[in-house]
Amino acid sequence: MKLLVINPNISDDVTALIESEALRSASPGTQLVVRTAGHGVEYIETRFESLIAAGAVAEIIAEHHGPVDGGPIHGGPIDGVVVAAFGDPGMPALKELTDVPVVGITEAALCAAALQGHRFSIIAISDRIQPWYRDCVERFGLGGRLASIRSINETLNGIGSVQQDFKETLLALSRQAVAEDGADVVILAGAPLAGLARELRGQIPVPVVDGISAGIRMAEAVVGLHSGQHRAGSFAPPPVKARRGLSENLDAALAAAQQAARPAAAPAAAAPAR
């Protein structure tokens, strides 16, 4: 199994954190291709920044989708995609672009939390990020199970050092979510916190979910189910229509998805028996 793991922000430090936790989480035999967004922002806090990141993620998926002008597939074919930023930039629309499963770490973390408790809390890296995260939880239909979103309310020194700089703060916020908000599960949200759940294991009195770990394991599970592809319904590829200004890779990936979704020709009717 080969998974394409995409960091939707431009921080190489965050990509390194993602890759380290993804490698620890992946099953033996799972190959990871880890990529960083080619354009965007250092870290994503708002809906608009998420909109920018979605385009960068789509471009990377398109690069790995299939050959352009008969050339080789970039990095070889993939079996699934993990969008490795909390808030899942571009999701669920990215599911329309490719015929392999696309899993966001938010949906993976929420599913993991829902399996382990009734109410969950999200621990985030900034106050500004809260409205966007709350939107995401509501979109998944889990607003009634959200105990709280607690976050760091100090200026970050650097996105790659959040864990080291604010470990005690994040631990205190997690404990408060349990004691004061009634959380049965704590989600440490965002790729900058990748791997912290392992370090804090045993120090928080409820299950703690790491988004990157959940994303990798959920993607492996969905790929392994061999459930089939979206050829109809709300996640079918977009209809064929005129388009302009897309990159070569993205245009080719969209065309391939649309071609695959076309119904096969009906078999010829058999001649009547004589």
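Check off (1) in contact with a Leu (Cβ under 8 Å, 6 or more places away or on another chain); (2) of a type outside the set (Ser, Thr, Tyr); (3) without any contact (Cβ under 8 Å) to a residue 40 or more places away in the chain for residue 146 and give me the number that stays unchecked.
(1)
Report yes if some residue within segment 16-36 is part of a helix (DSSP H, G or I) and touching an Asp or Glu at 6+ places or on another chain (Cβ under 7 Å); otherwise report no.
Checked against the condition, which is being part of a helix (DSSP H, G or I) and touching an Asp or Glu at 6+ places or on another chain (Cβ under 7 Å), segment 16-36 yields at least one hit.
Consider residue 48 carefully, then state whether it is among the aromatic types (Phe, Trp, Tyr) and over 17 Å from residue 189 (Cα atoms).
Judged against the criteria, residue 48 is a match.
Between a residue in segment 218-241 that is at pLDDT below 90 and any residue that is not hydrophobic (A, V, I, L, M, F, W, C), which pairs come within a Cβ distance under 6 Å, given they are 6 or more apart or on different chains?
229/99
Hey, could you check segment 174-209 for residues that are of a type outside the set (A, V, I, L, M, F, W, C) and buried (at least 24 other Cβ atoms within 10 Å of the Cβ) and say which is farthest from residue 32 (Cα to Cα)?
Here the answer is 174.
Quick check on residue 3: is it assigned to a strand (DSSP E or B), among the hydrophobic types (A, V, I, L, M, F, W, C) and in contact with an Asp or Glu (Cβ under 9 Å, 6 or more places away or on another chain)?
yes
Can you tell me which residue among 98, 106 is in contact with a His (Cβ under 6 Å, 6 or more places away or on another chain) and in contact (Cβ under 8 Å) with a residue 40 or more places away in the chain?
98
Which of the residues spanning segment 168-189 are of a type in the set (D, E, K, R) and within 24 Å of the chain's Cα centre (by Cα)?
184
The values are calculated or read from the model by the stated rules, or taken from the named source; none is laboratory data. Quantities reported herein were computed from a predicted structural model and do not represent experimental measurements. Because the Cβ atoms are built from the backbone with ideal geometry, glycine has one as well, and the counts that use them run over all protein chains shown.
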